[in-house]
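Contents: one structure, followed by commentary.
The values are calculated or read from the model by the stated rules, or taken from the named source; none is laboratory data. Remember, predicted model here, so these are calculated numbers, not experimental data. Neighbour counts run over all protein chains shown; Cβ positions are idealised from the backbone, glycine included.
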Amino acid sequence: MEGDRRTTDSVATGEIHIATPSRKKRDGRHCPRGRIADGPRRSQPFAKGKWRPRLSNRHMTASDLADYIEKSHARTRRLLPLIPHDDLEWSPTAGWFTIGGLLRHLAGIERWMYAENAQKRPSRYPGHGRELADGYEAVLVYYDRLHEDAMTVFRALDDSALAQKVVTPAGAPITLWKWLRAMTEHEAHHRGQLYLMLAMRRVQTPPLYGLTSEEVQARSI
Ligand code: NI
């Protein structure tokens, strides 16, 4: 986590917009906790008076969230075959994550912190040391196995579970879907580091969403 303090409900909302409590106050309808609104605006069938919700009413189900976690993970996972085996424990500077350490960190955090917290259990995060998985093949197996185990936990969550509070290692209560959203942000943060570390080892990396920055510019008006 690198000292991240993103452990409360005040986490920045990022790309995913949250239905606000004011909806309940203003039109008397209760927006179930755990509802995540995204996508384009559209007219709302339940508005009373002058007020219209500022955000759309589309929401992410438990299944949608698990799919989103899976896709986010896949964008990191595809970097693993590109890692030069001899560079696995290379670090850009002393005292920083190595590439392998970063992968063990991501795997361990997902499985032993987030997936445990999701089951209302305390973190059992074991760190990111080489004793956990040493060598390219071992790291690959560790990374895949822990993700698979974590996904088994996440896929078992329903909308009601996602709307409940869990407690972070910092002792802060947070609604579970927000905690899992923070997990994808955490992963994206470290994925960016992996991209940079691979570039420093002169490895060509894939564009994140299919087009390079230059290709997007070429298609821009
Ligand atoms: Ni981290």
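Key figures for this structure:
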item: Among (1) more than 18 Å from the chain's Cα centre (by Cα); (2) among the hydroxyl-bearing types (Ser, Thr, Tyr); (3) at pLDDT below 95, the one test that residue 209 misses; result: (1)
item: Filter result for residue 81 (modelled with pLDDT of 95 or more and either surrounded by fewer than 17 Cβ atoms within 10 Å (Cβ to Cβ) or not assigned by TED's automatic domain parsing to the domain that holds residue 148 (or both)); result: yes
item: Any hit, segment 58-70, residues being touching a Lys or Arg at 6+ places or on another chain (Cβ under 9 Å), modelled with pLDDT under 95 and hydroxyl-bearing (Ser, Thr, Tyr); result: yes
item: Pick from segment 106-134, criterion hydrophobic (A, V, I, L, M, F, W, C) and in a loop (DSSP other than H, G, I, E, B), ranking: nearest to the ligand (Cβ to nearest atom); result: 132
item: Residue tally, condition surrounded by 13 or more Cβ atoms within 10 Å (Cβ to Cβ), among the hydrophobic types (A, V, I, L, M, F, W, C) and closer than 19 Å to residue 103 by Cα, over segment 160-212; result: 9
item: Any hit, segment 139-160, residues being at pLDDT below 95 and assigned to a helix (DSSP H, G or I); result: yes
item: Test: residue in segment 18-28 that is part of a loop (DSSP other than H, G, I, E, B) and either at pLDDT 95 or above or more than 25 Å from the chain's Cα centre (by Cα) (or both); result: yes
item: Cross-chain or 6+ apart pairs with Cβ under 7 Å, segment 127-147 first and more than 10 Å from residue 104 (Cα to Cα), then among the charged types (D, E, K, R) and surrounded by 19 or more Cβ atoms within 10 Å (Cβ to Cβ); result: 147/110
item: Hey, residue 203 modelled with pLDDT of 95 or more and outside any helix (DSSP H, G or I) or not; result: yes
item: Filter result for residue 210 (more than 16 Å from the ligand (Cβ to nearest atom), part of a loop (DSSP other than H, G, I, E, B) and not hydrophobic (A, V, I, L, M, F, W, C)); result: yes
item: Filter result for the condition that a residue is farther than 19 Å from residue 60 by Cα, touching a Lys or Arg at 6+ places or on another chain (Cβ under 9 Å) and within 16 Å of the ligand (Cβ to nearest atom), over 182, 188; result: 188
item: Odd one out for residue 180 among (1) under 30 Å from residue 84 (Cα atoms); (2) outside any loop (DSSP other than H, G, I, E, B); result: (1)
item: Qualifying positions in segment 87-105 - within 16 Å of the ligand (Cβ to nearest atom) and either closer than 18 Å to residue 125 by Cβ or part of a loop (DSSP other than H, G, I, E, B) (or both); result: 91, 92, 95, 96, 97, 98, 100, 101, 102, 103, 104, 105
item: Within segment 169-179, considering residues that are of a type outside the set (Val, Ile, Thr) and on the phi < 0 side of the Ramachandran plot, the one nearest to the ligand (Cβ to nearest atom); result: 169
